[in-house]
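Following: one structure in structure tokens, then a few remarks.
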Amino acid sequence: MKQLLPGIWQWSCFSDEKQVDFNGLFLTVGEHRIVIDPPPMTAEASTLIRRQGALDYIIVTNRDHLREAVAYQAEFRCQLQIPEADASQMDVKPTKTYKDGELLPGGIWAIQLKDQKSPGESALYIQQGKGVLIVGDALIGKPAGALSLLPSERYADVAKAKEGLRRLLKYNFDSILVGDGASIVFGAKQAVEQVLQA
């Protein structure tokens, strides 16, 4: 469990299949305690989260990042929020679904990204410090220090997927925290620009 930014911690579990870390985030924003896209928790992650008090929300960025959210929703007795556009493709009963442009708990803005691998693929934006962007499968932190797209067969149209991601450049951010791979804490906007120019 490592602290990436003030009030933001990340824990990871390595996927042998994908050969990449699957990351979960724990945020303390004001009075809210939020987990995003949780893979199995390490003992350290579970202890740190419990020490902060009751977990309030689990937010999932896309249908494939449900991961351990249902188990943790039951365990922590918290609310579960998922993208409305992916809800019909997920075998779960969320507390609430969210849409593009919606302000989520903790002052997190939902940004739905068009033409990605799932219709509800969303980034989450926090106006903290120089700006923090959280992505599920929209971008992968691989290799470390850079970003990449998913393999091309995961998209109906790669060019359209890239175009859909351009929307992220309208936001001011210096950090991008990824669901898969290595997060970039400083200079992330340049990394996004580079992957979209490739």
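Read the figures in this text as sums done on the coordinates, not as results from a lab. Source: prediction; values computed, not measured. Positions of Cβ are backbone-derived with ideal geometry, glycine not excepted, and every protein chain shown enters the neighbour counts.
Cβ separations smaller than 9 Å between residues 6+ apart or across chains give the following pairs from segment 156-171 residues that are free of Cβ contacts under 8 Å to residues at least 12 places away in the same chain to residues that are in a loop (DSSP other than H, G, I, E, B): Val158/Leu149; Ala159/Asp115.
Anything in segment 103-124 that is surrounded by 17 or more Cβ atoms within 10 Å (Cβ to Cβ), over 28 Å from Pro151 (Cβ atoms) and of a type in the set (Gly, Ala, Ser)? List them, or say none. The one that is surrounded by 17 or more Cβ atoms within 10 Å (Cβ to Cβ), over 28 Å from Pro151 (Cβ atoms) and of a type in the set (Gly, Ala, Ser): Gly106. Which of the residues that make up segment 38-78 are touching a residue at least 24 places away in the same chain (Cβ under 8 Å) and among the polar types (S, T, N, Q)? Scanning segment 38-78 gives Thr42, Gln52, Thr61, Asn62. With respect to (1) surrounded by fewer than 22 Cβ atoms within 10 Å (Cβ to Cβ); (2) more than 17 Å from Phe186 (Cβ to Cβ), the lone exception for Gly131 is condition (2).
The residues listed here are Asp91, Asp100, Asp16; of these, the one that is surrounded by 14 or more Cβ atoms within 10 Å (Cβ to Cβ) and either acidic (Asp, Glu) or within 13 Å of Gly120 (Cβ to Cβ) (or both) is Asp100. Scanning segment 56-77 for residues that are crowded, with 21+ Cβ neighbours inside 10 Å, touching an Asp or Glu at 6+ places or on another chain (Cβ under 9 Å) and within 14 Å of His32 (Cα to Cα) yields Ile58, Ile59. In segment 32-49, the residue that is farthest from Asp180 (Cα to Cα) out of those that are touching an Asp or Glu at 6+ places or on another chain (Cβ under 8 Å) and surrounded by fewer than 17 Cβ atoms within 10 Å (Cβ to Cβ) is His32. Restricting attention to segment 141-155 and to residues that are within 18 Å of Asn62 (Cα to Cα) and among the hydrophobic types (A, V, I, L, M, F, W, C), the residue that is surrounded by the fewest Cβ atoms within 10 Å (Cβ to Cβ) turns out to be Leu150. Residues that are small (Gly, Ala, Ser) and farther than 15 Å from Ser118 by Cα within segment 144-178 comprise Ala144, Gly145, Ala146, Ser148, Ala159, Ser175, listed in sequence order.
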